[in-house]
Every structure is written in structure tokens, then in C-alpha cells.
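To start, the structure itself, in C-alpha cells.
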Amino acid sequence: MRKFLILSLFILFAIAGIAQDTTKMKGGTVSLNLGQGGSKNWAAGAEKFSFTIAAYVNLFANKRFGKYQWNNNLDLGFALVNTTSGGIRKTDDKIDLYSKLHRELSPHTSIAFVTNLRTQFADGFDYNYLGKGFKRRTSGFFAPAYLAFGPGLDWHPTKYFSIFFSPASGRLVIVSNQPKSYYFPGGVIPASEGGGFETPLAVLYGVDPARQVRAELGALLSINFNKEIFKNFQYKSRLDLYSNYLKTYKFTVTGPDELAITSVGPKPQNIDVVWNNVINMKVNKIINVTYNFDLIYDDDVRQFGPNKTSAGTQLRSLLAVGLLAKF
């Protein structure tokens, strides 16, 4: 996997280095959204006070040099809500860098190399750990991070729609930032709290905390759509499907800070799904309505179900009104 990554990066930079830059395009948008609510003596029940702030940044930088084109897109998002009962908590947090270098074979077909990095800015928590109201860290910057890369074929019949397919792409699942993150010292749950041993944070994402990285090799399908559907209504969507050819592992906690690791075998039929959607509706020059909807399914993320040991479909949405600036 390391050799594959080094070779792929070498090819990427070599192609970029020998090509002559003739066209550049760059720009982006920044949006800031605020919301506030409150109540007093509300019989139906409501938060006494709530305040929401959300910020989104989209940057792009594209270059064309002869038959080569390099497209880069960076999506950043962070949102917080402060309520009387729950305090300050995250409602959105993402870093998504997508880069595609391709060489035209025909007007609508290219051979391409794609690199995608996904992670987040700040720590996330289970606010009711063990069902006792404890606050345990469950994620953070590079905990996890997903780095996918590989060559493939890109079909782009229009400027706003493209499909990339790679039959052999690499992916690294990284949990390098405090990969254990136990709530109790040494991961030993006191008898007064039910007893037993804690599961390391990295295991929640299918990664051995001692190694901090899991390497995969599989097929990647990436579908991109970005178009102004009608005036002042922009829709942007990306669907990534990944099928891992390599074997997976089962982790069993056997003692204080101890794991038994067994090989499960390849499961290429269990396809990982990441689907991001953004709708921007422009009200006037500075006021904008934004709707974000994200769907994720990862068979190695087993934090759901009655025993918190099953995979599950993750959904997140946010509707906000605020200020928008383009440049």
C-alpha cells in the first residue's frame, strides 16, 4: 500500500510538473448563519434559550494546461448550538478536500487521478456514555480521517456533471489523534459504574489503536453534480461509493487496554457510501438560504444498534439563513 501511494503521488506531481499552465480559475463562497430562540412559561415545553451559529466555506482552484486539467475543491463547515439544557454542542463539522488531475482522451472522457481527504476540526462526544450522562470523546481531528486516492476513467458529458470510476484505488482510514481516548483510567470501568473494559476510540472506526491506520484497496465510484438549476438556486452534490477488496478485522476487548484481533475476510459487497448535498438559494445580494444534507454508511463504523456494536446509516441535515459572500 505504501509503494502504491508513493507511486501514485509521484505520477500525479510528475504530470503536473511537465505540463504547461495556460488557464487558471479560482474562487469560492463564504456563508455565516445565525439563529436564536427562547421561551418562558411555555406549556408545550421548549428550550428557555438557544443560539445557533454555522459557517461554511467553499473554495475551488482549477487549472488547464493543454490536454491536462487539475480541479481542486475544498469544503469546510462548522456549526454550534447553545441551549439551556445541553450547553454548547456541535451540529456540523467537516473538512473535505477533493482533487482531480485528468488528461483528455476525447471531448467527454479523460484518464484521471483522484485524491480525497475527509476529516473534521474539533472533538465530538458521546454525552450519555454508558447511559449515565458521562461525556466521552468519540472523534476529533484525524480521528478519523479518510484518504482515498487512485487512477481511473472520468466521464464528463457536461460542465456540471461527471462520473469517475477507479477499479483499483487505495484508501487509508486514520485514527492518529488520541486513538484510545478512554473515559476511565486505563479503560477500566469501575464496578460502581457497571464494570468491564472500554472500547478504544480507534476500534469504533475499525482501526487497531496500536497501528492507527488501516489500509484498503478497492473500487471507487465518484459522481459529481454542481449546477444552477434555475436563477438563484444552486444545487451541489457528490456521491462516493467504495468497495474494499481486502480482508477486515474484528476487535474484541479482552482486558484492561487489551484487544483480541481476528480476521473476518473480504466483504466487497458491503459498499461504503458518502453522499453530500448542498442547496443554496439566494434571496438578495447578501442574504442566502442554505440547506445541507449528508448521508454516510460505513460497514466498519459500528457504533449503533441496541448494544452500540452495529453499523448504521448516518444522516445529518441543517437549514440556515444568513450572509453569503462570493469571490
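The values are calculated or read from the model by the stated rules, or taken from the named source; none is laboratory data. On a predicted model such as this, the values are computed, not experimentally measured, just so you know. Using ideal geometry, Cβ is built from the backbone for each residue, glycine included, and neighbour counts are taken over all protein chains shown.
Looking at region 73-86, which of its residues are over 13 Å from Leu97 (Cα atoms), without any contact (Cβ under 8 Å) to a residue 40 or more places away in the chain and outside any loop (DSSP other than H, G, I, E, B)?
Within region 73-86, Leu80, Val81, Asn82, Thr83 meet the criteria.
Please enumerate the residues belonging to region 211-226 that are touching a residue at least 24 places away in the same chain (Cβ under 8 Å) and either among the hydrophobic types (A, V, I, L, M, F, W, C) or surrounded by fewer than 20 Cβ atoms within 10 Å (Cβ to Cβ) (or both).
Those that are touching a residue at least 24 places away in the same chain (Cβ under 8 Å) and either among the hydrophobic types (A, V, I, L, M, F, W, C) or surrounded by fewer than 20 Cβ atoms within 10 Å (Cβ to Cβ) (or both): Gln212, Val213, Ala215, Leu217, Ala219, Leu220, Leu221, Ile223, Phe225, Asn226.
Got at least one residue in region 179-192 being in contact with a helix residue (DSSP H, G or I) (Cβ under 7 Å, 6 or more places away or on another chain) and at positive phi?
Within region 179-192 (the criterion being in contact with a helix residue (DSSP H, G or I) (Cβ under 7 Å, 6 or more places away or on another chain) and at positive phi), the answer is yes, since at least one residue qualifies.
With Ala219, Ala260, Ala215 as the choices, which residue is under 30 Å from Pro157 (Cα atoms) and aliphatic (A, V, I, L, M)?
Being under 30 Å from Pro157 (Cα atoms) and aliphatic (A, V, I, L, M) holds for just one of Ala219, Ala260, Ala215, which is Ala219.
So which of Tyr129, Tyr98 ends up being surrounded by 13 or more Cβ atoms within 10 Å (Cβ to Cβ), of a type in the set (Ser, Thr, Tyr) and closer than 30 Å to Phe49 by Cβ?
Tyr129
Being at pLDDT below 90 and charged (D, E, K, R) is the filter; apply it to region 268-298 and report the residue that is surrounded by the most Cβ atoms within 10 Å (Cβ to Cβ).
For region 268-298, the residue satisfying everything is Lys282.
Can you spot a residue in region 108-123 that is crowded, with 16+ Cβ neighbours inside 10 Å, of a type in the set (Gly, Ala, Ser), touching a Leu at 6+ places or on another chain (Cβ under 9 Å) and assigned to a strand (DSSP E or B)?
Within region 108-123, one or more residues are crowded, with 16+ Cβ neighbours inside 10 Å, of a type in the set (Gly, Ala, Ser), touching a Leu at 6+ places or on another chain (Cβ under 9 Å) and assigned to a strand (DSSP E or B).
Just one of Gly206, Gly195, Gly186 is farther than 19 Å from Asn307 by Cβ and not β-branched (Val, Ile, Thr); which is it?
Testing whether each residue is farther than 19 Å from Asn307 by Cβ and not β-branched (Val, Ile, Thr) leaves just Gly186.
Which pairs do you get when a residue that is in contact (Cβ under 8 Å) with a residue 12 or more places away in the chain, found in region 58-72, comes within reach of a residue that is charged (D, E, K, R) and in a loop (DSSP other than H, G, I, E, B), reach meaning Cβ atoms under 7 angstrom, with the pair 6+ apart or on two chains?
Lys63/Asp21; Phe65/Asp21
What's the number of the only condition in (1) touching a residue at least 40 places away in the same chain (Cβ under 8 Å); (2) more than 18 Å from Gly218 (Cβ to Cβ); (3) within 15 Å of the chain's Cα centre (by Cα) that Gln120 fails to meet?
Going through the list (1) touching a residue at least 40 places away in the same chain (Cβ under 8 Å); (2) more than 18 Å from Gly218 (Cβ to Cβ); (3) within 15 Å of the chain's Cα centre (by Cα), Gln120 breaks only (1).
Considering only region 229-327, give the strands (runs of 3 or more DSSP E) lying wholly within it that have at least 3 residues that are more than 30 Å from Lys180 (Cα to Cα).
233-244, 272-282, 287-297, 314-326
Within the group Val114, Val173, which residue is in contact (Cβ under 8 Å) with a residue 60 or more places away in the chain and out of contact with any helix residue (DSSP H, G or I) (no Cβ under 9 Å at 6 or more places or on another chain)?
Val114
Given region 127-227, what strands (runs of 3 or more DSSP E) lie entirely inside it while holding 1 or more residues that are under 21 Å from the mean Cα position of the chain (by Cα) and over 30 Å from Phe60 (Cα atoms)?
By residue number, 134-139.
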